[in-house]
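First up is the structure itself, then whatever we jot down about it.
The values are calculated or read from the model by the stated rules, or taken from the named source; none is laboratory data. On a predicted model such as this, the values are computed, not experimentally measured, just so you know. Methodologically, a virtual Cβ is constructed for each residue, glycine included, from the backbone with ideal geometry; neighbour enumeration extends over all protein chains shown. Surface accessibility is based on the protein's heavy atoms, side chains included, excluding ligands, DNA and RNA. Shrake-Rupley method; radii C 1.70, N 1.55, O 1.52, S 1.80 Å.
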Amino acid sequence: MSISRRQVLLSGTGALGAAALGFPKPAIAQSEPIKIGWLAAMTGPSSAPTSGFNRGIIFGVDAINAAGGVKGRKIEVITRDTQGDPTKAVNATQELISQAKVHAIWGPVNSGEALATTPIMARAKMPNIHPCVVESLIDTTKFPRAFRIAPSIGQWDDAVRNYCLNILKVKKIAVIGDTTGYGVTAVGVSVAAFKKEGADVVYQANIDSTQADVTPDMLRARNASAEVIVVWSVSTGMEARMFNTRAAMSWDVPFVGHPSLATGEIAGLVEKPANWQRVYAIGFKSCSYDAAGKLPPKSQHLVDRLTKANVVISDTLLWLVAAGIDVIELIAKSVEQSGSAESEGIVAYLNTLAKYPGYYGDYTFTPTQHNGFPTDEIVMSEASTARNGTFALAPGYT
């Protein structure tokens, strides 16, 4: 009798790889490993999300390999540190394709890098799964082998804008991002959408993430009578400086925006815990606990498994770890179902997914739609309420 992935996710027993991927128990002759390239900003100002993704990748690979691999083929992850630099990401991509000869690539995790690398992968007919949010990175005509498993800028922006206008009920908005390709693009999209809905964008700016003093921009936002500051950046250092500056100004304006606003390392960067209050970050239903402190059953199952395996999640976000696991399983499942690690087999399988039950979300792809994450799973979280990488819902949700 076959065992479905959802049955395994909700059960307390059974190895992830053997049950979720349907691997037979008898030993299978080993052959060439399935090589997955991992374009990771392990160091640099955009490195905060990478540690969480990486823990999920390691956990997912170890679980599958321990269960015998994919029809006897072990998974090998070949990691390259891009340092968040598009030039380094381009060089790493070319090396993974031409020299390492990987079968698929996960990442990069920064949109500025992905804007430079996605066309290269398309020309090489390389299957690519990434969590980057810039809308243009998904285009099934230009990039038919690129798949997104996280929300797009538009989906994130809709959630943030809805929270600001319909729950906080503010009208005067400041929008601030960093100077990366992602930050510039996100600020532009956000400002245009707020204005379209009749909000008054009283201040907008892009700040270098290494800028030591953010006081000038915070003063300009306050002098413009901003009622909320919307932040689009992955730089936790820059964000913590903004929180500390707000406190020094005795200003109680709320911050709303990017998931990195809730990253655990901010706790060590703010001058006092109170500086992290009234900060609301993009979150997800799968990683949010209710008023009783309970997670959805599938997410609690994941937390239990990670805890048992001594995977630290207290200083990162659960969704990052979950997405890292999911992408490894998606590629493994593609090879297992298609019977091949070649590009066409992987892409063909991914194009058939309908609400595939991942830990992070239920993914749906078709040949003409490669945005796989469900919009209705996006919510806002109270940034300082982290517990094992999960959060309480922001005020205003039922």
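Debye-formula intensities of the chain, expressed as log10 I(q)/I(0) at q = 0.07, 0.09 Å⁻¹, are -0.31, -0.51 (one equal scatterer per alpha-carbon, no solvent). Here the accessible area of the stretch 32-71 is 59 percent carbon and sulfur, with a 1.4 angstrom probe and all protein chains present. Among the chymotrypsin sites (Phe, Trp or Tyr not before Pro) found in the stretch 236-283, not one is both in a DSSP coil and sparsely packed, with 12 or fewer other Cβ atoms within 10 Å of its Cβ. In this rough spin-label picture, where each label sits 7 Å from Cα along the Cβ direction, the GLU265-THR141 distance is 4.0 nm.
Its Cα centre serving as origin, the stretch 296-350 has a Cβ charge dipole (Lys and Arg +1, Asp and Glu -1) of approximately 260 debye. Once the 1.4 Å probe is applied to the protein heavy atoms, the chain comes out at 39 Å² accessible per residue.
Angle between the Cα long axis of helix 297-308 and the longest principal axis of the chain, 0 to 90 degrees, nearest 10? So the inclination is approximately 80 degrees. What you get for the chain, charging only the Cβ of Lys and Arg (+1) and of Asp and Glu (-1), is a dipole of about 640 debye around the Cα centre. Modelled this way, with points 7 Å down the Cα-to-C-beta line, the labels at THR215 and ALA66 are 5.2 nm from one another. Charge tally around THR180: other residues with Cβ under 11 Å, Lys/Arg +1 each, Asp/Glu -1 each, net -4. A straight line joining the Cα centroids of the stretch 164-239 and the stretch 49-117 runs 32 Å. Using only side-chain charges placed at the Cβ, +1 for Lys and Arg and -1 for Asp and Glu, the dipole size of the stretch 252-344 relative to its Cα centre rounds to 400 debye.
Could you tell me which of GLY84, GLY396, ALA193 has its Cα farthest along the dipole of the chain towards the positive end, charges placed at Cβ (Lys, Arg +1; Asp, Glu -1), taken about the Cα centre? After comparing all options, I get GLY396. In loop segments of the stretch 289-398 as defined by DSSP, the trypsin sites (Lys or Arg not before Pro) with at most 10 further C-beta atoms inside 10 Å of their C-beta are LYS294. Placing dummy labels 7 Å off each Cα toward the beta-carbon, the span from LYS298 to MET249 is 4.1 nm.
At 10 °C and a viscosity of 1.306 mPa s, what translational diffusion coefficient does Stokes-Einstein give for the stretch 298-352, taking Rh as the Kirkwood radius over Cα pairs? Give it in µm²/s as a whole number. Calculated translational D: 125 µm²/s. Estimated from the Cβ-Cβ distance and a Förster radius of 35 angstrom, the FRET efficiency linking ARG123 and ASP362 is about 0.65. Shape class for the stretch 167-309: prolate, because the ratio a/c of the largest to smallest gyration tensor axis (alpha-carbon atoms, square roots of eigenvalues) is 1.5 or more and a/b beats b/c.
Summing +1 for each Lys or Arg and -1 for each Asp or Glu among the other residues whose beta-carbon sits under 12 angstrom from that of GLN155 gives -3. The overall shape of the stretch 113-218, judged from the alpha-carbon gyration tensor, is oblate: a/c is not under 1.5, and a/b is no greater than b/c.
Other residues within the sphere of radius under 11 Å centred on the Cβ of ASN206, judged by their own Cβ, net out at -3 (K and R +1, D and E -1).
Test of understanding: extend the Cα→C-beta vector of LYS195 to 7 Å, then name every residue of the stretch 132-168 with backbone N under 18 Å from that spot. Within reach of a label on LYS195, which here means backbone N under 18 Å from a point 7 Å along Cα→Cβ, the stretch 132-168 contributes 154, 157-158, 161. Taking every DSSP helix (H) stretch of at least 4 residues in the chain, weighting each as -39,500 (n - 2.57) and dividing the sum by the residue count yields a mean residue ellipticity at 222 nm of -11000 deg cm²/dmol.
The long axis of helix 318-338 is offset from the longest Cα principal axis of the chain by roughly 30 degrees. Normalised Debye scattering of the stretch 268-398 at q = 0.20 Å⁻¹ gives log10 I(q)/I(0) of -1.15, counting only Cα atoms as equal scatterers and leaving out solvent. According to the Kirkwood relation over distinct C-alpha pairs, the hydrodynamic radius of the stretch 349-393 is 12.2 Å. Treating r as the C-beta distance of ASP208 and ASP290 and R0 as 35 Å, the FRET efficiency rounds to 0.35. For the stretch 257-311, the C-alpha radius of gyration sits at 1.35 times the compact-globule guess of 2.2 N^0.38 Å, with N the residue count.
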